[in-house]
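What follows is a short report on a single structure.
The values are calculated or read from the model by the stated rules, or taken from the named source; none is laboratory data. Fair warning: this is a prediction, and the values are worked out from it, not measured in the lab. All Cβ positions, even for glycine, are placed from backbone atoms using ideal geometry, and neighbour counts span all protein chains on display.
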Amino acid sequence: MPFDGIYNEPELLRQISHGDRDAFRALYHHYYAYIQRYIALFESSGDYLDELTQDVFVRIWEKRGHLEKVESLRSYLFLISRNIVFNYLRSLKVQQKVKELEGLPDPAGDDLEDQMLFKQYYRIALEAMDKLPPGRRKVLKMSIDDGLSLDEIAQELHISRAGVKKQLYAATAFVRQYLHEHGEMTVLLLIFLSLFEC
């Protein structure tokens, strides 16, 4: 598909990185249709096409501070789009697993007990993360809290992608094991554990 760039993209990215909403609006209007078509390659049903496309631009705005370092806007947009779609598809898989286990229409539920369990799991996960070596903990936080890809983390920390992957795998394996050992085994724990899959 054709993919025409915006005139003087580096300047546009610089403006957005400094919070220029007009520049961001220009990027949004220019690339919205391209991003939506790309997402449609993965999410063929189209049910959540608009929502996922919007999520891409929300993520770009949230991470606008990184934009001045971006060398290829096209590659950056597609990388963010892919990560958004993969996270969405992964959450669908988790929900499907829970439905199969429970046979319930709403796997997460909204009652107080579920909320308390999630808080408990979150506290245990934080305990586990505190026990990680500092470098490994930083990689995990950048992946989970900031939503950065392996390549983005490698670039930010000036280490190889393979090194990031190794650290992230070791960190997630430790947190998952810690949660298994210290959390009551429930369907909700399976959902929570899915946050720590790399």
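Rundown of residues vs (1) assigned by TED's automatic domain parsing to the domain that holds Ser81; (2) at pLDDT below 90; (3) surrounded by 15 or more Cβ atoms within 10 Å (Cβ to Cβ), yes/no style:
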| site | (1), (2), (3) |
| --- | --- |
| Tyr7 | yes, yes, no |
| His18 | yes, no, no |
| Phe24 | yes, no, yes |
| Glu51 | yes, yes, no |
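Selection within the stretch 68-87: residues that are over 17 Å from the mean Cα position of the chain (by Cα) and under 16 Å from Phe24 (Cβ atoms). The member of this set that is surrounded by the fewest Cβ atoms within 10 Å (Cβ to Cβ) is Glu68. When Tyr34, Tyr76 are checked against the criterion of being in a helix (DSSP H, G or I), at pLDDT 85 or above and in contact with a Pro (Cβ under 9 Å, 6 or more places away or on another chain), a single residue qualifies: Tyr34.
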